[in-house]
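No lab work stands behind these numbers, since they all come straight from the coordinates. These figures come from a predicted structure and were not determined experimentally. Glycine also receives a Cβ, built like all others from the backbone with ideal geometry; neighbour counts cover every protein chain displayed.
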């Protein structure tokens with residue numbers, strides 16, 4: 001755990017978890033905290049065991065690169081997420097990281113479970129908490145279905161109900177022009193919608209953030225897009 005009092009830092013990442021170019025951000029999150037790096041690839045479970053194992057291997061390699069202990073949680077379904085022995089492995093984490101894949105599956109698997117409760121408790125006690133792509137999206141109170149947008153979405157994990165995230169934004173903006181519209185509907189002015197470019201993160205939270213990485217974050221509204229370049233701050237007012 002952190003020696004600091006209160007919740008640890010949050011990171012919402014557009015893409016690039018566990019890659020060498022993101023090591024500085026991940027290392028900064030865990031600096032001054034326990035060298036125990038807890039990793040969940042739950043969001044990638046629908047893509048099959050080889051994909052899950054690929055994320056596990058990337059996470060272990062990043063932990064080794066940073067001189068940290070990698071703790072991989074095998075949370076494949078809600079049965080695993082309700083396993084007290086798995087939840088206990090979160091204790092003592094310096095950083096908990098939820099990697100990418102399917103945001104709705106991640107939220108439905110973790111929501112209201114022992115593992116999610118343990119993650120939130122660790123964060124409130126000072127551990128850093130990060131989510132990349134699907135992991136970042138799932139922290140909201142609502143998660144869209146990216147593969148089947150007409151089907152709507154599902155209830156998120158609810159950690160950041162005032163915020164919605166579009167990861168891979170520089171890629172999505174060119175390939176799926178109506179993505180922003182789907183996120184803004186139904187319109188709720190109390191919710192901040194942020195696009196986060198690939199290999200870019202916003203760090204801090206839950207209301208004050210700094211953009212880090214190779215590109216930008218974007219505040220999205222009916223009036224258009226506001227670019228927030230790396231190294232600058234963005235505020236997301238709490239509801």
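Worth pointing out:
- Site pair residue 61 and residue 232 shows an inter-label distance of 3.4 nm when each label is modelled 7 Å from Cα along Cα→Cβ.
- Values of log10 I(q)/I(0), in the order q = 0.14, 0.15, 0.17, 0.18 Å⁻¹, for region 10-235 under a Debye, Cα-only, solvent-free model: -0.80, -0.93, -1.22, -1.38
- For the pair residue 155 and residue 23, a Förster radius of 45 Å applied to the C-beta separation gives a FRET efficiency near 0.85, rounded to the nearest 0.05.
- Between residue 53 and residue 31, the FRET efficiency estimated from the beta carbon spacing at R0 = 30 angstrom works out to 0.55.
- Label-zone membership for region 123-141, site residue 190, 7 angstrom Cα→C-beta point, backbone N under 17 Å: 140-141
- Percent of beta bridges antiparallel (DSSP, the chain, rounded to nearest 5): 55 percent
- Order of 235, 72, 42 - criterion: other Cβ atoms within 10 Å of each residue's Cβ, fewest first: 235, 72, 42
- Model label sites at residue 117 and residue 79, defined 7 Å from Cα along the beta-carbon direction, differ in position by 2.1 nm.
- The value of relative contact order for the chain, using C-alpha pairs under 8 Å at least six residues apart, is 22 percent.
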